[in-house]
1. What list of ³J(HN,Hα) values in whole Hz, one per residue of the stretch 232-247 in order, does the Karplus curve 6.51 cos²θ - 1.76 cosθ + 1.60 (θ = phi - 60°) give from phi, with Gly and Pro shown as x?
2. Taking Cα centroids, how far is the stretch 173-216 from the stretch 132-160 in Å?
3. What do you get for Rg/Rh over the chain if you use C-alpha atoms and the Kirkwood form of Rh?
4. Could you check the simple spin-label distance between residue 48 and residue 272, using points 7 Å along Cα→Cβ, in nm with one decimal?
5. List the relative contact order of the stretch 75-288 as a percent without decimals, with contacts defined as Cα pairs under 8 Å and 6+ residues apart.
6. Collect residues whose amide H, placed 1.01 Å from N in the peptide plane, falls under 5 Å from the amide H of residue 170; neighbours closer than 5 in sequence don't count.
7. Under the rule that an exposed site lies in a DSSP loop and has at most 11 other Cβ atoms within 10 Å, name the longest stretch of the chain with no trypsin sites (Lys or Arg not before Pro) of that kind, not counting the sites themselves.
8. If one computes the Cα centroid of the stretch 56-84 and of the stretch 227-273, what distance in Å separates the two points?
Amino acid sequence: MRRTGVALDRGRRDAPEASVALPAARHLLFSRAMPLPSLDHLAWSKVHPARHEANLADSGIEPPDLAAMGLPDRGGLPREGYDLQPDVEALFGARWRAPGGRVLLASGGSEAIALVFGALLQRGDEVLVERPGYEPHREVPRLFDVAVRRFDRPMSPDGPSLVEAIEQALGPATRMVALTHPHNPSGAALTAEEARALDGLAERRGLWLFCDEAYRDVIGGPTGTLASMGPRWVATSSLTKVYGLGGLRIGWVAGAPDVLARCAVVQNALSVTPALPSIALTLALAPHLDVLRSRALRMLAANRARWSALVAAGVPFAIPCVSQGTTVWALFPGAGQGDAFAEMASRRFGLAVTPGRFFAEPRGIRVALAAEPERFAAALETFERALAAFAAEAPVRENP
């Protein structure tokens, strides 16, 4: 099999890859210097939600019936082989207006995240991540002996701005800031003003800005990537959360050509390349991505309206911000009450919601709005019953 990572000449399939020194990659994957990562959320999400009759945990748009929609649904093993990969990378680069007009394909968004940390950081560096935040952003750096520190992502106009919160939390070893847009779990969107301020901060402090854009395309408007803002930005995304194509395990990295070359070197220690049938079906589906995106937006509009009606009727938790993603973040008043509700809802009502502990805040729950509207409506009725039961039996413990 010929390697198809970022090469010095992407027009030639036999071109040599960029020679890039990667200190972090020399320590792939584990060392005894730091504890092993704990990816409990990913392990939980692979098996737990599907065991429930009512599912408000899966944050990715429910997979479409491609055949019923008249769309390609078979990949196969085409004769062109991995020569198809540059075509997909160029198509995605054009669609999301990535630097250099291409992206680096990865085996899902999870591998793309690992490539960024492994390629751009080294032992002794530190990454600053959000709280509440996506578990892999604080755990995957441990694979590369990279330390993690956290900042509280503002969700209210009161208090410090996002950039102020980040700058106050920077340490002398901080080399990267990791963000999600829209924020996972709350769905809060990064504004253009915030992005420009972050770009200025990165220039002043010599930082990488890593943005996980897995949910970005549900915001609406033109597609794009923050990686196009400048050389200090790098972004990842996938076809899972918005397009409902998680089974393909297709993700990507967007960044400057030298960033993609460094990520390609690390990828050779991981998947090497995505599976060929996934690449082939992705290429066939590429002209139809707007159809799948429109489906997601219609589903979310219906589900957000139902969710808003429930909240307006009164709920025993706070919603700290307006969500523009596929999920909402709900904060109970008492310490640990989010986790307690999630456990009770699962045990007594057959309802899956994501416990806040996976986002480093056990007061919260993440509620997904990503199911087909009929299924979402039924799950929301179960959610209401579980809330009523929880409120009736759980004493309110004020958060210390």
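Derivation of every value follows stated rules applied to the coordinates shown; laboratory data play no part. Values in this document were obtained by computation on a predicted structure and should not be read as measured data. Counting neighbours? That spans all protein chains shown, and the Cβs are built from the backbone with ideal geometry, glycine included.
1. My calculation for the stretch 232-247 gives 8, 9, 9, 10, 10, 7, 7, 8, 7, 6, 9, 9, x, 10, x, x Hz in order.
2. 11
3. 0.96
4. Going from the residue 48 label point to the residue 272 one covers 3.5 nm.
5. 31
6. none
7. Details: sites that count: 2, 12, 32, 74, 79.
Result for the longest clean stretch: 80-400.
8. So the two Cα centres are separated by 19 Å.
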